[in-house]
Structure formats: structure tokens, C-alpha cells
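A short write-up of the structure that comes next.
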Amino acid sequence: GAAMITDLSEPAEVTGLIERIEAEHGALDVVLNNAARCEAGGFLSAPHADIAAHAQVNLIAPMSLVHQVVPRMLERGRGAVVTMSSISSEISVRHLTNYVASKAGLTAFMLNMHRELRGTPVQTLLVVLGAVATEMNDRGLEDPVISAFASRAGKLGYLAPEWVAAQTLDALERDRHTLVLPRAAWPMFGLRQLPNQLLDLALRGAGVS
């Protein structure tokens, strides 16, 4: 593999990134939006710059990359976009306001991209994750509110990154468009999606879904 180091918090570096990658390394078959920013703490006491930083890395950068790469994939007649979101966007955890808001937007964006790309050769996969055993998660536990929440919700356990990767690959190969891990968290996500599912049913066959 080849690395092209990019600071996703800098809009200028995100603009044209797909074109630069493909010019140097060839066509992309899969784009995985996995980078994220998560700073725990009270919203009102946080630096104002944190708002824009979370929105840029967690939401705007992935949207921009999808906007850049999908037309190329459609032209080639193949491709997949995989995006990692969070179950915390469904339950509004205190002291994660910027993270939760940006991930909620990311989830909604990918659900809509699935609708727009339905019937095309470009696959979308939204992965909604619980707590993963990473350094970012460890930093979050330094906040007392997040630590207390984690101890109450600890029955779900922490997900191993390698297991998440294997499950994501399996879902991609099975042509699924949504994956929730751990599976015990599915009701938290699924119940909130009922209005969307009803809308899809209502619009089926109307040429707009």
C-alpha cells in the first residue's frame, strides 16, 4: 500500500484529494471514511474552534470525499463507499456534544446516499459502532461524565478493531448497506429509523426513492 498523509481538518487539503490520489495511484475501488475527532468535555466550556474542527473532520470531509469519488465510480461502473459512524449519535451522550452532532449528521448523510445510489453500481455501507478499543476511546474515558456513562453501559463491552474490520468486510461482500455493532445495539438504531423506512415504503414505485 501507499500512504498519502492528509490533514482532514484543513479544507484546502481535502479539496481535490481524490483526484490527486487517483492521478498517482490509479482508480479507487473502495473509499473508507474512518478518521474522526472526539474531544470530551462540556460544550459551553470548550474552545469555540472545537465546533468547526469536529464538523470538518467528522462530517464535512467525508461528505466532500464522497462528492469527489462517487461520480468517478459511477463512470467506471463500480465502487463502494464505507463510512464509520457511532451509536452515540442515537443516544446523545453528555460531554460529547460536538462528536454526537457531527456523527448524527454523518449517519443521516450516508442513509440518504444509499437512497440516491440505489440501483447504481456504487455500493454504500454505513457502519454504526459502539465503543471500540482504541486510543481515542481511552482518552474519552478520562472525562468523568464519559467514564460514568461507560461504566453503566459496560455490558455491551468494547469492540476489537480487528473484529470490526472483519465484520465490515463481510457486510461489504454481502452487499449490506447498514451494519450496527455490537448487534445488541441494533434496537437503538433501528427504532429511530422507522420513519425513514415508512417513507421509503410510501415512495416505493413513485420514482423518487
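The values are calculated or read from the model by the stated rules, or taken from the named source; none is laboratory data. These numbers come from a predicted model, not from an experiment. All Cβ positions, glycine included, derive from the backbone under ideal geometry; neighbour counts span all protein chains shown. Note: accessible area is taken over every heavy atom of the protein model, side chains too, but ligands, DNA and RNA are not part of it. Shrake-Rupley method; radii C 1.70, N 1.55, O 1.52, S 1.80 Å.
Just a few scattered comments:
- Matching residues in the range 49-73 - criterion: being small (G, A, S), in contact (Cβ under 8 Å) with a residue 12 or more places away in the chain and either surrounded by fewer than 20 Cβ atoms within 10 Å (Cβ to Cβ) or assigned to a loop (DSSP other than H, G, I, E, B) (or both): A53, A55, S64
- Checked against (1) under 13 Å from N33 (Cα atoms); (2) not in a helix (DSSP H, G or I), Q123 passes all but condition (1).
- Within the range 16-31, the set of residues being touching a strand residue (DSSP E or B) at 6+ places or on another chain (Cβ under 9 Å) and either on the phi > 0 side of the Ramachandran plot or in a helix (DSSP H, G or I) (or both) comprises I18 only.
- If you filter the range 93-102 down to residues that are of a type outside the set (A, V, I, L, M) and farther than 13 Å from A36 by Cβ, you find that the one that is surrounded by the fewest Cβ atoms within 10 Å (Cβ to Cβ) is R94.
- Residue in the range 74-92 that is least open to solvent (accessible area, probe 1.4 Å), counting only those that are out of contact with any strand residue (DSSP E or B) (no Cβ under 6 Å at 6 or more places or on another chain) and assigned to a loop (DSSP other than H, G, I, E, B): G77
- For the range 122-131, the set of residues classified as among the hydrophobic types (A, V, I, L, M, F, W, C) and either open to solvent by 30 Å² or more (accessible area, probe 1.4 Å) or more than 30 Å from R78 (Cα to Cα) (or both) consists of A131 only.
- Top-ranked residue of the range 183-192 - restricted to ones that are within 18 Å of the chain's Cα centre (by Cα) and open to solvent by 20 Å² or more (accessible area, probe 1.4 Å), ranked as modelled with the highest pLDDT: R183
- Taking the range 1-10 as the range and being at pLDDT 95 or above, open to solvent by less than 70 Å² (accessible area, probe 1.4 Å) and either of a type in the set (S, T, N, Q) or over 18 Å from the mean Cα position of the chain (by Cα) (or both) as the test, the residues that pass are T6, S9.
- For the residues G105, G119, the requirement of being surrounded by fewer than 20 Cβ atoms within 10 Å (Cβ to Cβ) and out of contact with any helix residue (DSSP H, G or I) (no Cβ under 8 Å at 6 or more places or on another chain) singles out G119.
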